[in-house]
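Input: a single structure, listed below in structure tokens.
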Amino acid sequence: MRTRANRLIGWSVVLFGLATSCAWGQEYPVKPVRIYANQPGGVFDFLARIYSQGLAGPLGQPVIVDNRPGNIIPAEIVSKAVPDGYSLLSHGTALAFGALMQKMPFEPLKDFQAISWTSSAPLVVTIHPSVPVKSIKELIALAKARPGDLTYASTAIGSTPHLATELFKSMAKVDIRHIPYKGAGAAMIDVMAGEVQMIFSVPSGVMGQLRSGKLKAIAVTSAKPSPLLPGIPTVASTGLPGYESIGVYGMFAPARTPDSIAKRLSQELARAVNSDEGKKRLMDAGLEPVGSTPEQFDKKFREESDYMAKLIKAAGIRTN
């Protein structure tokens, strides 16, 4: 009986080892991979579909986009998932910002493994034509001459445009009043009407208005000029040295995901976003392709979290 029991235990150990080796990367993947994202139509969903198409072929398995309401639910699901490479999250560095402004059911810097920084989105400083400025230097001078008179719109409290403008205000030491909206459409309508004087917007949201002359662009928020907006200078080069604020997007997995899996996913994602098709789709949507190692994305994620934590605390920003 003891010999038989020992044999059973031995076979159990062998089978467990085989199962573990499959799940932890030696034969990854052996089943469909699921990418969690927020509701259809948003940037995280859009990117998840690019990731899905780019990964399915190289991985040899279906890659399913699983949409869940809001930004918290998909992140919570992945934070609690088994770290075996089968549950992934389409998100960005804003994953950390949200936890700085309200209580979350996860800790972004502890509960996630950064996989790849796939793309970036500069914002464009957009002004109503009635505002008598043509550069960032002139905008700062006007704001200092008329403290509290100028207003800016944002798509939501805690959004990337909101935080980018608050960073601008902090560095320039100016007082520009915040008018928050519950979406880009309503915000843009009031900026075009001149009810609000300015907005830091994603390029795709203002290209039509810029071409028609209903709005004017005076700078982009990236460190270098953007190919999305040729001819438009940076904030840093035209009045506020050192300023940079961009949307940073990528892929996350649960913490403790094996390095071999993280590395493979990052390599395949880099190929997908830098392919001819991937570049075109991203650029058409106002995004610049990147593609990074897990280490590079983790470094960017932590850097952005650190400096935004100081800004959010200083400005007293809360979303609840």
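The values are calculated or read from the model by the stated rules, or taken from the named source; none is laboratory data. Predicted, not measured: the structure shown is a model, and the values here were computed from it. We place every Cβ from the backbone using ideal geometry, glycine too, and count neighbours over all the protein chains shown.
Would you mind finding the one in 227, 254 that is surrounded by fewer than 18 Cβ atoms within 10 Å (Cβ to Cβ) and in contact with a helix residue (DSSP H, G or I) (Cβ under 8 Å, 6 or more places away or on another chain)?
Values: 254 fails: surrounded by fewer than 18 Cβ atoms within 10 Å (Cβ to Cβ).
Answer to the check: 227.
Check 182, 103, 134, 169 and return the single one that is within 28 Å of residue 224 (Cα to Cα) and out of contact with any Phe, Trp or Tyr (no Cβ under 9 Å at 6 or more places or on another chain).
134
With respect to residue 145, is the statement that it is surrounded by fewer than 23 Cβ atoms within 10 Å (Cβ to Cβ) and touching a helix residue (DSSP H, G or I) at 6+ places or on another chain (Cβ under 8 Å) true?
Here the answer is no, as residue 145 does not meet what is asked.
Of the residues that make up region 126-139, is at least one aliphatic (A, V, I, L, M) and within 30 Å of residue 48 (Cα to Cα)? Spell out how you get there, then give the answer.
Taking region 126-139 as the starting set, the residues that turn out to be aliphatic (A, V, I, L, M) are 127, 131, 133, 136, 139.
Narrowing the set further to residues that are within 30 Å of residue 48 (Cα to Cα) leaves none.
No, the conditions are met nowhere in region 126-139.
For residues that are touching a strand residue (DSSP E or B) at 6+ places or on another chain (Cβ under 6 Å) and part of a loop (DSSP other than H, G, I, E, B), scanning just region 69-108, find the one that is surrounded by the most Cβ atoms within 10 Å (Cβ to Cβ).
Only one residue tops the list, namely 93.
Given the criterion under 20 Å from residue 308 (Cβ atoms), aliphatic (A, V, I, L, M) and modelled with pLDDT under 90, identify the matching residue among 157, 199. Lay out the reasoning, then the answer.
Details: 199 fails: modelled with pLDDT under 90.
Step by step, each of 157, 199 is checked, and only 157 is under 20 Å from residue 308 (Cβ atoms), aliphatic (A, V, I, L, M) and modelled with pLDDT under 90.
Say whether the condition of being within 17 Å of residue 161 (Cβ to Cβ), at pLDDT below 95, assigned to a loop (DSSP other than H, G, I, E, B) and not β-branched (Val, Ile, Thr) is met by at least one residue in region 247-268.
no
Take residue 196 and tell me if it is touching a strand residue (DSSP E or B) at 6+ places or on another chain (Cβ under 9 Å), among the β-branched types (Val, Ile, Thr) and in a loop (DSSP other than H, G, I, E, B). Give the derivation first.
On the way: touching a strand residue (DSSP E or B) at 6+ places or on another chain (Cβ under 9 Å): yes; among the β-branched types (Val, Ile, Thr): yes; in a loop (DSSP other than H, G, I, E, B): yes.
When the stated conditions are applied, residue 196 passes them.
Do you know which residues across region 167-189 are touching a Ser or Thr at 6+ places or on another chain (Cβ under 9 Å), assigned to a helix (DSSP H, G or I) and either of a type in the set (D, E, K, R) or within 21 Å of residue 306 (Cβ to Cβ) (or both)?
Passing the criteria: 167, 168.
For the subset of region 212-230 comprising residues that are touching a strand residue (DSSP E or B) at 6+ places or on another chain (Cβ under 8 Å) and not aliphatic (A, V, I, L, M), which member is farthest from residue 188 (Cα to Cα)? Spell out the reasoning first.
At the first step, the residues of region 212-230 found to be touching a strand residue (DSSP E or B) at 6+ places or on another chain (Cβ under 8 Å) are 215-229.
Those left that are additionally not aliphatic (A, V, I, L, M): 216, 221-222, 224-227.
On the way: 216: 13, 221: 18, 222: 21, 224: 25, 225: 24, 226: 22, 227: 23 Å.
Among those residues, the one meeting the criterion is 224.
Would you check if residue 286 is assigned to a loop (DSSP other than H, G, I, E, B), buried (at least 21 other Cβ atoms within 10 Å of the Cβ) and either assigned by TED's automatic domain parsing to the domain that holds residue 81 or hydroxyl-bearing (Ser, Thr, Tyr) (or both)? Walk me through how you get there before you give the answer.
Values: assigned to a loop (DSSP other than H, G, I, E, B): yes; buried (at least 21 other Cβ atoms within 10 Å of the Cβ): yes; either assigned by TED's automatic domain parsing to the domain that holds residue 81 or hydroxyl-bearing (Ser, Thr, Tyr) (or both): yes.
Yes; evaluated as a whole, the condition is true for this residue.
Going residue by residue through region 258-266, is there one that turns out to be in contact with a helix residue (DSSP H, G or I) (Cβ under 8 Å, 6 or more places away or on another chain), without any contact (Cβ under 8 Å) to a residue 40 or more places away in the chain and either assigned by TED's automatic domain parsing to the domain that holds residue 54 or within 30 Å of residue 169 (Cα to Cα) (or both)? Quick ask: steps written out before the conclusion?
Of region 258-266, the ones in contact with a helix residue (DSSP H, G or I) (Cβ under 8 Å, 6 or more places away or on another chain) are 259, 262-263, 265-266.
This time we only want the ones that are without any contact (Cβ under 8 Å) to a residue 40 or more places away in the chain, so: 259, 263.
Remaining after also requiring either assigned by TED's automatic domain parsing to the domain that holds residue 54 or within 30 Å of residue 169 (Cα to Cα) (or both): 259, 263.
The answer is yes, given that some residue of region 258-266 is in contact with a helix residue (DSSP H, G or I) (Cβ under 8 Å, 6 or more places away or on another chain), without any contact (Cβ under 8 Å) to a residue 40 or more places away in the chain and either assigned by TED's automatic domain parsing to the domain that holds residue 54 or within 30 Å of residue 169 (Cα to Cα) (or both).
If only one of 295, 277 is closer than 20 Å to residue 108 by Cβ, of a type outside the set (Gly, Ala, Ser) and part of a helix (DSSP H, G or I), which one is it? Steps first, please.
Details: 277 fails: closer than 20 Å to residue 108 by Cβ.
Checking each option against the conditions leaves just 295.
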